[in-house]
1. What is the order of Leu239, Leu137, fewest Cβ neighbours within 10 Å to most?
2. Within the chain, which whole H helices from DSSP have a Cα span along their axis of at least 27 Å and a mean Kyte-Doolittle hydropathy of -1.0 or more, if any?
3. Let me check I have the definition right: for segment 3-277, take the eigenvalues of the Cα gyration tensor, multiply each by 5, take square roots. What are those semi-axes in whole Å, largest first?
4. What is the fewest-to-most order of Leu113, Leu164 by other Cβ atoms lying within 10 Å of their Cβ?
5. If you build the Cα gyration tensor of segment 152-278 and take the root of 5 times each eigenvalue, what three semi-axes come out, in whole angstrom, biggest first?
6. If every alpha-carbon in segment 97-226 counts as one equal scatterer, what log10 I(q)/I(0) does Debye give at q = 0.09, 0.14, 0.21 1/Å?
7. At 222 nm, what helix-only mean residue ellipticity would the chain give, in deg cm²/dmol to the nearest 500, using -39500 (n - 2.57) for each DSSP H run of four or more?
8. Roughly how many whole Å is it from the C-alpha centroid of segment 192-223 to that of segment 32-76?
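What follows is calculated from the coordinates using simple rules that are stated; it is not laboratory data. Since the structure is predicted, the reported quantities are computational estimates derived from the model, not experimental observations. Using ideal geometry, Cβ is built from the backbone for each residue, glycine included, and neighbour counts are taken over all protein chains shown.
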Amino acid sequence: MKTGIIILNYNDAENTIKMIEQIKEYTCLDKIVIVDNHSGDDSVERLKPFENEKIVLLEANENQGYASGNNLGLKYLEDYDFVFISNPDIIADESVMEELLLDMKKNPKLSFLGPKILENGTISRGWKLPTYGVEVLSTMNYVHRFAKKLQKYSQEYYQEKLTLVEVISGCFFLARMKDFKKIHYFDPNTFLYYEENIIGKKSKEKDLLTMVDTSVSVVHEYSQSVDKSLKKIARYKILKQSMFYYEETYNHIGLIKKSFLKIVYGCSLAVSYLTFWI
């Protein structure tokens, strides 16, 4: 059985090189695919020297977002059995990858699997798909933190080594390739954010199992590549564009719900601009 990993780079060669150095000798990985998402710096020149029989560098013709960039790598690995999706700013021991692969091989009905994600002092072990009500609350200034809590499972929920969840973090996870194909990989219509919710929604509709292995963890060094490329309000706008797409396409909200959500979004954006300038 062949296993590959996809690392999406955008103006972040430093972290990508750091990860290549970390995983290049991992025997559980047959192929390391670096996708450069049309970086505007010298990333390609810095990454090319790492190419060999095991490490491949793919160059996107334009930056169409996180989903499209990863899809480029997935199509390259379409004949593989398993694939890890990883941000460049991840620290993952080989033992963690081996354990996740063992879980997959022991459980043939398991499609998507994540570890615990240690990030900026917090622990992510997956979450629930957002309802329309949660989306409204998450768009309100100062209330959005409460909305996030509504999506979380309780601490008591994670009793088993492998725990069923609706959504896992997109910064690092393992997928069974044949099941990833069933949902047509990532939805390329979002530029950034909501990729995990979309995968979770499509997987649920196809009765594909998504789980978290609570016994292993990786460290996410807090979205350094995104923070370097996008300012706070710009990120917020992209996030909400993805939210609207998700709600319209996957939750099929009607005109009234869509209009109300847009009003809430407009108010929150106005408050964000006022807060920024005051």
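1. Values: Leu239 16, Leu137 19.
If I rank by nearby Cβ atoms, fewest first, I get Leu239, Leu137.
2. Values: long enough: 255-277 (33 Å, 1.03).
Span-like helices here: 255-277.
3. Numbers: eigenvalues 178, 106, 60 Å².
Value: 30, 23, 17 Å, ordered largest first.
4. Numbers: Leu113 24, Leu164 13.
Ordered by Cβ neighbours within 10 Å, fewest first: Leu164, Leu113.
5. Details: eigenvalues 169, 80, 46 Å².
Semi-axes, largest first: 29, 20, 15 Å.
6. Computed log10 I(q)/I(0) values: -0.26, -0.64, -1.43.
7. Details: 11 runs with 119 residues, N = 278.
Theoretical 222 nm ellipticity from helices: -13000 deg cm²/dmol.
8. Distance between centres, Cα-based: 22 Å.
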